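Working notes for the structure below.
A short reminder: the numbers here are calculations on the coordinates, not readings from a lab. Because the structure is predicted, anything quoted here is derived from the model rather than measured. Cβ coordinates were reconstructed from backbone atoms using ideal geometry, including for glycine residues, and neighbour counts include every protein chain displayed.
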Amino acid sequence: MDHLDPSDPATVTEPADPVGTIARRTLLGVFGASTLGAIGAAVLGMTGHGASAAAANIPPVHDPRLHPLPASAAATSVPTARPGGPADHDSVHEAATKAFPAKTQGQGLQELRSTVVSGVREFDLVCGKVKWEVTPGQLVDAYAYNGQIPGPIMRVTEGERVRVRVKNDLDDSTAVHWHGQRVKNEVDGVPFITQPPIKPGQTYTYDFTAGPFGSHMYHSHHNATAQVGGGMLGPLLVTPKDPRVDPAYDKDELFIFNDALGGLTINGKGFPATAPYTAKLGQRIRFRFMNEGQLIHPAHLHGLTLEVFARDGYPLPQPFRCDTLNVAPGERWDAIVLADAPGVWAFHCHILSHAEGSSGMFGMVTALIVSA
Ligand SMILES: [Cu+2]
């Protein structure tokens, strides 16, 4: 990914960037429309549709099958000859990588609004079916809270009383479990153990006191393989009453794995539609890793160090450093990354079949872009 130059002012992003939209714009600026066009034309040329690329006024790419280059030029030329050969392989990889970050419809992890009524923080969640765009043009039937995958961020404070109204607009029953919270048993969200299922059309109200603090989750606990796998999950972030229990950080980011809906995703999107994380040199970024899937996913960050300080919300007695952090289903891990080296650092699941194949990178791949 060294084709991006983070020292280039075009890649500098504002710290308050909401979920990578600025990075997307600036990255596109770096690649430039002509570059993207050339990549598109290269791919089209390989598959024999070069004429339409030319008609679209995309800069021409040499097709050596039609017009062989002199040997000296061929040595430095891009996509060469043989369909299925190494050059094809490279051009497909290049196109997949340079499409990053690709635009898709639908954005998960928006802050969920709440209101405080008589000292109780109230939220509304609506369960519904949606079509979710995982990668450009890949629309899948999904379940969502408030139309988002992952669901919106619920942010509460340790010890605060919380009320969540859950409206079921699905054709199926559901229930919500507050994963990691020490709630009273009757609001634990398990149908036929602690409550009846929430039938289609019904609204069910959960009432609990938030705690312990840390990075937690909410998700369906009914037909969960389908419903959680299909998108019914979200983060429940409990701010500690005493802020001194957390290390200092400048940015707070979520990194949620899932592996059912539309394949292998980070925050509901597959590469190249995953959003890059951005930081300025010297910033400290808190990453909250969560796994809502069926498989383990080791998160690997190139070039920088993860300082892991909490597991499942609980502060570690002995924080540790690593660059590959295994995140098992249901787990949450919190880590600080000091952005002490500029660059576009690949950040991906290190089960290789979750990240890169014969057509290039896909699935659980993103990047942390550190600008000087
Ligand atoms: Cu994985």
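The table below gives the values:
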read-out: Exposure proxy order (Cβ contacts within 10 Å, fewest to most) of Leu304, Leu233; value: Leu304, Leu233
read-out: Taking N as its residue count, the alpha carbon Rg of segment 115-244 over 2.2 N^0.38 Å; value: 1.05
read-out: Contour excess over end-to-end distance, with Cα ends at Tyr314 and Leu295 and 0.36 nm allotted per residue; value: 4.6 nm
read-out: Label-to-label distance, nm, for residues given as Ala341 and Asp90 (7 Å Cα→Cβ offset); value: 2.5
read-out: Percent of Cα pairs exceeding the 18 Å cut-off, where the set is segment 123-194; value: 49
read-out: Residue (of Gln318, Thr278, Cys349) at the positive-pole extreme of segment 246-371, dipole from beta-carbon charges; value: Thr278
read-out: Simple spin-label estimate for Arg113 and Lys241 in nanometres, 7 Å along Cα-Cβ; value: 3.0
read-out: Over 19 Å (Cα to Cα) - which of Lys129/Lys184; Lys167/Lys241; Lys103/Lys269; Lys98/Lys280; Lys129/Lys199; Lys131/Lys251 fall in this group; value: Lys129/Lys184; Lys167/Lys241; Lys98/Lys280; Lys131/Lys251
read-out: Distance in nm between pseudo-label sites at Asp323 and Thr305 (7 Å out along the Cβ direction from Cα); value: 1.2
read-out: Neighbour-count ranking [beta-carbon atoms within 10 angstrom, fewest first] of Tyr249, Tyr143; value: Tyr249, Tyr143
read-out: Only Lys, Arg (+1) and Asp, Glu (-1) charged, at Cβ; segment 246-371 dipole about Cα centre in debye; value: 160
read-out: Projected area, mean over directions - segment 298-372, Cα convex hull, nm²; value: 5.6
read-out: Nearest-20 debye value, segment 132-281 charge dipole, Cβ charges on Lys, Arg, Asp, Glu; value: 340
read-out: Residue order, fewest to most beta carbons within 10 Å, for Glu94, Glu111, Glu253; value: Glu111, Glu94, Glu253
read-out: Efficiency of FRET between Asp171 and Gln105 - r from beta-carbon atoms, R0 25 angstrom, step 0.05; value: 0.65
